[in-house]
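**Q** Questions regarding the structure given below will be posed in turn.
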Amino acid sequence: MGSQEALGQAARLASSGLLLQVLFRLITFILNAFILRFLSKEIVGIVNVRLTLLYSTTIFLAREAFRRACLSGGSQRDWSQTFNLLWLTVPLGVLWSMFLGWVWLRFLEVPDPDVIPYYGTGVVVFGLSAVVELLGEPFWVLAQAHMFVKLKVIAESLSVILKSVLTAFLVLWLPHWGLYIFSLAQLFYTAVLVLCYVIYFKKLLSSPESTKQQTLPVSRMTDLLPNIPRSGAFVNWEEAKLTWSFFKQSFLKQILTEGERYVMTFLNVLNFGDQGVYDIVNNLGSLVARLIFQPIEESFYIFFAKVLEREKDATLQKQEDIAVAAAVLESLLKLALLAGLTITIFGFAYSQLALDIYGGAMLSSGSGPVLLRSYCLYVLLLAVNGVTECFTFAAMSKEQVDRYNFTMLALSSSFLVLSYLLTHWYGSLGFILANCFNMGIRITQSLCFIHHYYQKSPYWPLTGLYLSPVLFGAFALSGGITGISEVFLCCEQGWPSRLAHVAVGIFCLGVTLGTAFLTETKLIHFLRTQLGVSRRADKMT
């Protein structure tokens, strides 16, 4: 596959995923805002922190390394060996869920059953739901490797929406069920998610006239099941070794990703109510990151992995591929920087209003607004880190991945210590400050790798992180105006003043985006080119 073709597919996947996710997330956002008005902070803390951490830890440890390793393989691989390797995630998930479930039940503080009933059932069902989701792993990797546009987004979004609808129905009609409600909804979510992939491939493989079916390395559903090959090894040992390298890295990355939840869960630095408020703010603050940055990171990781050869630096690669990769990386860095700055500047002045609309006084009073304002800065770092790491992990050799693991180990340890100390000093805000510090370190590591990678080439993609003085001034002016507007118009003077505050923000946002359009011509050209490719590809499918 040529670099331009891979770029077009990556852009198509990212743009289609973005538009669909915005639509589905909007529906989910409304449903969750409705559900929050019928829940206590304590039950939100148990479900969104304690039980979700069990589920996410099991999923991450069982599959993350397999995903990265299997998506890095070339087109000439033996897919039966890849599927065999992927099916190992299921027994691995069973072992992790049993072990972690035992820890959650025996070593962690158990909530008062009169306040939050059926905690034990919740632990068991959330662990089971993780194993159910792993059953769809071969289908997910096959879909991602062949860039099946919309399948991933539709499957995940439909599952989340149906889960939210079921939760809302049960909360309204059977509130005495307690954690039974969220356990049943979680299991329903994973079952629907897997069924979406199975039904899609079942229909695709039974339709020989489909052009997509003709490009697949399988011809029937049984080809995706584990099988013993007549010749050769059961798995591709190069993929297996790379999986082990990524597993060590994934274990550390999980600590960094969910570090604050581990500290809250194991060290009891916050009560369940404070955990609930923090998690709601965390989810709300990361909404844009999930909508915009995650599809871009996932899609362009595949692009960089296909275009770049892991064992070669920039001078030994095909120069056409290196030039395209550098141009794409520069544009992605600029896009991440501008999107992150927009969220940071405008999020500071509209955090309290957003929380009041989303969850009422439970969120907009107390520490909620301060947490969300701080999280807006963290989103900027998340945006830049997502782009730098998607390139870094795609370009690193196995030996470099192993060396990076030692850095991640030190980073994980410092993060846990820093989270514990800052939380004692600043409460929930300490988690966000610790995350910002560690995200800054991770960005620095990736920037050093990118600098070294392109050092001897004529390309310099890190210029994407430079901002023109005119655009910087537009951001600073917008931040000052919206900050003053919040003081005088929001949020105690009623809805007319709130709407005036929103109008001020819309005007400043329009001026800022207009300035960006006039000054960042290179980025605008990149977006127009790739969105045009995406539209033409959509018309052909």
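The values are calculated or read from the model by the stated rules, or taken from the named source; none is laboratory data. Everything numeric in this text was worked out from a predicted model, so none of it was measured. FYI the Cβ positions are ideal-geometry reconstructions off the backbone, even for glycines, and counts take in every protein chain you see. Note: accessible area is taken over every heavy atom of the protein model, side chains too, but ligands, DNA and RNA are not part of it. Shrake-Rupley method; radii C 1.70, N 1.55, O 1.52, S 1.80 Å.
**Q** Hey, can you tell me all the residues within the range 316-343 that are assigned to a helix (DSSP H, G or I), over 24 Å from the mean Cα position of the chain (by Cα) and either modelled with pLDDT of 90 or more or crowded, with 18+ Cβ neighbours inside 10 Å (or both)?
**A** Result: ASP321, ILE322, VAL324.
**Q** I would also like to ask the following. Take PHE346 and tell me if it is crowded, with 20+ Cβ neighbours inside 10 Å and not basic (Lys, Arg).
**A** Yes: the conditions hold for PHE346.
Each row is one residue, and each column tells you yes or no for (1) of a type in the set (Ser, Thr, Tyr); (2) open to solvent by 10 Å² or more (accessible area, probe 1.4 Å).
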{"site": "VAL123", "(1), (2)": "no, no"}
{"site": "PRO175", "(1), (2)": "no, yes"}
{"site": "TYR189", "(1), (2)": "yes, yes"}
{"site": "TYR200", "(1), (2)": "yes, yes"}
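**Q** Same structure, new question: How many residues does the range 127-152 contain that are assigned to a loop (DSSP other than H, G, I, E, B) and more than 19 Å from the chain's Cα centre (by Cα)?
**A** Matching residues across the range 127-152 total 2.
**Q** Being surrounded by fewer than 24 Cβ atoms within 10 Å (Cβ to Cβ) and hydrophobic (A, V, I, L, M, F, W, C) is the filter; apply it to the range 349-375 and report the residue that is farthest from the chain's Cα centre (by Cα).
**A** That would be ALA361.
**Q** Next question. Can you say whether ALA155 is under 23 Å from THR243 (Cβ atoms), assigned to a helix (DSSP H, G or I) and touching a residue at least 12 places away in the same chain (Cβ under 8 Å), as far as the supplied structure shows?
**A** When the stated conditions are applied, ALA155 does not pass them.
**Q** Which of the residues spanning the range 255-286 are within 23 Å of LEU341 (Cα to Cα) and either of a type in the set (Phe, Trp, Tyr) or not in a helix (DSSP H, G or I) (or both)?
**A** Those that are within 23 Å of LEU341 (Cα to Cα) and either of a type in the set (Phe, Trp, Tyr) or not in a helix (DSSP H, G or I) (or both): TYR278, SER286.
**Q** List pairs: first residue in the range 114-127 and over 14 Å from LEU187 (Cβ atoms) and of a type in the set (A, V, I, L, M), second residue open to solvent by less than 30 Å² (accessible area, probe 1.4 Å) and not in a loop (DSSP other than H, G, I, E, B) anywhere in the structure, Cβ distance under 6 angstrom, at least six positions apart or on different chains.
**A** From the range 114-127, the pairs are ILE116/ILE43; ILE116/ILE46.
**Q** Scan the range 455-475 for residues that are open to solvent by 20 Å² or more (accessible area, probe 1.4 Å), closer than 17 Å to ALA339 by Cβ and not aromatic (Phe, Trp, Tyr) and report the count.
**A** Qualifying residue count, the range 455-475: 3.
**Q** Got a number for residues in the range 27-86 being of a type in the set (Phe, Trp, Tyr) and closer than 22 Å to VAL131 by Cα?
**A** Qualifying residue count for the region: 4.
**Q** Return the residues of the range 149-160 that are open to solvent by 20 Å² or more (accessible area, probe 1.4 Å) and of a type in the set (Val, Ile, Thr); say none if nothing qualifies.
**A** ILE154, VAL160
**Q** Would you mention how many residues in the range 62-83 are in contact with a Phe, Trp or Tyr (Cβ under 6 Å, 6 or more places away or on another chain) and surrounded by 22 or more Cβ atoms within 10 Å (Cβ to Cβ)?
**A** Total meeting the criteria: 3.
**Q** Please list, ordered by first then second residue, the pairs with beta carbon atoms under 7 Å, 6 or more apart or interchain, first in the range 31-51 and in the same structural domain as ILE116 (by the TED database), second at pLDDT below 85 and part of a helix (DSSP H, G or I).
**A** That search, which allows pairs on different chains as well, returns ALA33/TYR358; ALA33/GLY359; LEU36/GLY359; LYS41/GLY273; LYS41/MET362; GLU42/GLY273; GLY45/GLY273.
**Q** Additional query: Is it fair to say ALA289 is out of contact with any helix residue (DSSP H, G or I) (no Cβ under 7 Å at 6 or more places or on another chain) and either surrounded by fewer than 24 Cβ atoms within 10 Å (Cβ to Cβ) or part of a loop (DSSP other than H, G, I, E, B) (or both)?
**A** Judged against the criteria, ALA289 is not a match.
Every residue, every condition in (1) open to solvent by 20 Å² or more (accessible area, probe 1.4 Å); (2) of a type in the set (Ser, Thr, Tyr), yes or no:
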| site | (1), (2) |
| --- | --- |
| GLU239 | no, no |
| SER250 | no, yes |
| GLU260 | no, no |
| LEU267 | yes, no |
| TYR278 | no, yes |
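**Q** In this structure, does ALA349 turn out to be in the same structural domain as LEU429 (by the TED database), closer than 22 Å to ALA500 by Cα and either of a type in the set (Val, Ile, Thr) or touching a residue at least 12 places away in the same chain (Cβ under 8 Å) (or both)?
**A** Judged against the criteria, ALA349 is a match.
**Q** Looking at the range 13-24, can you tell me whether even one residue there is at pLDDT 70 or above, crowded, with 18+ Cβ neighbours inside 10 Å and in the same structural domain as PRO138 (by the TED database)?
**A** yes
**Q** Kindly provide the set of residues from the range 296-315 that are farther than 16 Å from GLU239 by Cα and outside any helix (DSSP H, G or I), ordered by number.
**A** The answer is LEU308, LYS312, ASP313.
**Q** Here is a further query. Considering only residues of the range 443-454 that are at pLDDT 90 or above and open to solvent by less than 20 Å² (accessible area, probe 1.4 Å), which is farthest from VAL504 (Cα to Cα)?
**A** ILE450
**Q** Would you check if VAL370 is touching a helix residue (DSSP H, G or I) at 6+ places or on another chain (Cβ under 8 Å), more than 20 Å from GLU520 (Cα to Cα) and assigned to a helix (DSSP H, G or I)?
**A** Considered against the rule, which asks whether it is touching a helix residue (DSSP H, G or I) at 6+ places or on another chain (Cβ under 8 Å), more than 20 Å from GLU520 (Cα to Cα) and assigned to a helix (DSSP H, G or I), VAL370 comes out as yes.
**Q** Can I ask one more? Condition check: in contact (Cβ under 8 Å) with a residue 12 or more places away in the chain, among the hydroxyl-bearing types (Ser, Thr, Tyr) and open to solvent by 20 Å² or more (accessible area, probe 1.4 Å). Does THR388 satisfy that?
**A** Criteria not met by THR388.
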